[in-house]
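A quick write-up on the structure given underneath.
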Amino acid sequence: MKSYKNIIYTLFLVAIPFLANAQKKEKSIATCEFTVEGVCEMCKERIEEAALIRGVKMAEWDQPTGVLKAVYRKDKISEREIHEAIAAVGHATDQVQANAAAYDRLPKCCAYNDGVDKH
């Protein structure tokens, strides 16, 4: 009978770190929303693809409002890094200006600074 208690006790001690770690990871998930400049479906694809870097679980850009919603792991990436990844492909966010060379490479229909209306 004593050996069963020892086995159960040992299993319990082994399981505690795994359970504690699972709870810790759950708390590291965050959601952010911010504005990203863009005008069309091509912009949407480019913005969402750029935002899906390591640590980002989901990114969705709403074309009419220009708001990107992202779910990410705070222990893997920061919100600022998401802004920078999007700006690197030519789309400005409310915190980071677009990379000028990348903006110049955007198709004419995506040139949001040049007076192109959302379509």
Karplus-derived 3J(HN,Hα) from phi for segment 87-92 (6.51 cos²θ - 1.76 cosθ + 1.60, θ = phi - 60°), whole Hz, x at Gly and Pro, runs 5, 5, 9, x, 10, 6
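State the Kirkwood hydrodynamic radius of segment 44-119 in Å, one decimal place, computed from all pairs of distinct Cα atoms.
Numbers: mean 1/r = 0.0785 Å⁻¹.
With all distinct Cα pairs of segment 44-119 included, I get 12.7 Å.
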A 28 angstrom limit on the alpha carbon distance is what I want to check against. Which of Lys69/Lys118; Lys76/Lys118; Lys44/Lys74 exceed it? Lys76/Lys118
Relative to a virtual label point 7 Å from the Cα of Arg73 in the Cα→beta-carbon direction, which members of segment 28-59 show backbone nitrogen distances below 11 Å? 28-29, 54-57
Using the Cα centre of segment 56-99 as origin and beta-carbon charges of +1 (Lys, Arg) and -1 (Asp, Glu), tell me which of Gln95, Ala85, Val56 is placed farthest towards the positive end of the dipole. Val56
Backbone N within segment 68-91 under 20 Å of label point (7 Å from Arg54 Cα along the Cβ vector): 71-89
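Cβ neighbours within 10 Å, averaged per peptide: list 31-43, 83-95 in order, most packed at the top. Walk me through the numbers before you get to the answer.
Working: 31-43: 17.5, 83-95: 20.5.
My ranking of the peptides, most packed first, is 83-95, 31-43.
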Residue-wise, which Karplus ³J(HN,Hα) couplings in Hz belong to segment 105-112, taking 6.51 cos²θ - 1.76 cosθ + 1.60, θ = phi - 60°, and x for glycine or proline? 7, 5, x, 4, 6, 9, 6, 5
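Coordinate-derived values only; no laboratory data. Since this is a predicted model, take the numbers as computed values, not measurements. With ideal geometry, Cβ positions are generated from the backbone for all residues, glycine too; neighbour counts draw on all protein chains shown.
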